[in-house]
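Read through the structure below, which is laid out as structure tokens, and then see the notes.
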Amino acid sequence: MELIPTSIPEVLIIKPDVFGDERGYFFESYHEKKFQDFGISGSFIQDNESKSQKNVLRGLHFQREPFAQGKLIRVMSGAVLDVAVDIRRNSPTFGKWVSMVLSVENKYIAWIPVGFAHGFVTLEDNTIFTYKCTNFYNKESEGSIRWNDPELQINWGIDQPLLSEKDKLAPMLNEAVVF
């Protein structure tokens, strides 16, 4: 496995070692010791999966304490542009974001730690997105930030995404209750 740093040091991309031949491929999608060596720690206690058509945008979502979550993310089919926004008010990178393409082809795995809002837009039909969480989902602790907040200036590569009603009505970062 290879660690690919991002412009926000806490957000990581892991490039797994993929072994392939005429039969197909094999790779370790999770290895506790190797991930701990990269600084990814904590127990993963919930797995989530979604399937979306092209141009679906989900996010930017987060969970507040005491149910804040770190997420270990990968794509099982299709591709996404994945985005993490630092929402830790005392952080030197507060309000900054990083994006990465995660796909079935590159098999990259992303680590989004506690204190970050997360979202993605699907780049292909029938994209299957899966992630491990370090804490349980709790409705009262959920938070969100508007995907097109002009202060964030996230380049999603799309002007008219397919959104849930919740995501259409999400507050801007300066109005959201964050970390």
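Some points to look at:
- Residue within segment 146-162 that is in contact with an Asp or Glu (Cβ under 9 Å, 6 or more places away or on another chain), part of a strand (DSSP E or B) and either at pLDDT 95 or above or more than 24 Å from ASP37 (Cβ to Cβ) (or both) present: no
- Selection count where residues are surrounded by 15 or more Cβ atoms within 10 Å (Cβ to Cβ) and more than 15 Å from GLY119 (Cβ to Cβ), scope segment 154-179: 1
- Some residue of segment 84-103 being more than 30 Å from MET172 (Cβ to Cβ) and hydrophobic (A, V, I, L, M, F, W, C): no
- Residues located in segment 36-68, provided they are under 15 Å from ILE87 (Cα atoms) and either free of Cβ contacts under 8 Å to residues at least 12 places away in the same chain or basic (Lys, Arg) (or both): ARG64
Rundown of residues vs (1) surrounded by fewer than 20 Cβ atoms within 10 Å (Cβ to Cβ); (2) at pLDDT 95 or above, yes/no style:
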position	(1), (2)
TYR30	yes, no
LYS34	yes, no
ILE40	no, no
PHE44	yes, yes
ASP47	yes, yes
SER50	yes, yes
GLN53	yes, yes
LEU60	no, yes
ALA68	yes, yes
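- Residue match in segment 71-78 (condition: closer than 20 Å to ILE4 by Cβ, touching a His at 6+ places or on another chain (Cβ under 7 Å) and modelled with pLDDT of 95 or more): yes
- Complete set of residues in segment 84-133 that are in contact (Cβ under 8 Å) with a residue 24 or more places away in the chain, surrounded by fewer than 16 Cβ atoms within 10 Å (Cβ to Cβ) and under 20 Å from SER144 (Cβ atoms): ARG89, SER91, LYS96
- For first residues located in segment 134-154 and over 15 Å from ALA176 (Cβ atoms), partners that are buried (at least 19 other Cβ atoms within 10 Å of the Cβ) and at pLDDT 95 or above and lie 6+ apart or on another chain with Cβ distances below 6 Å form the pairs THR134/GLN69; THR134/GLY70; ASN135/GLN69.
The values are calculated or read from the model by the stated rules, or taken from the named source; none is laboratory data. Remember, predicted model here, so these are calculated numbers, not experimental data. All Cβ positions, even for glycine, are placed from backbone atoms using ideal geometry, and neighbour counts span all protein chains on display.
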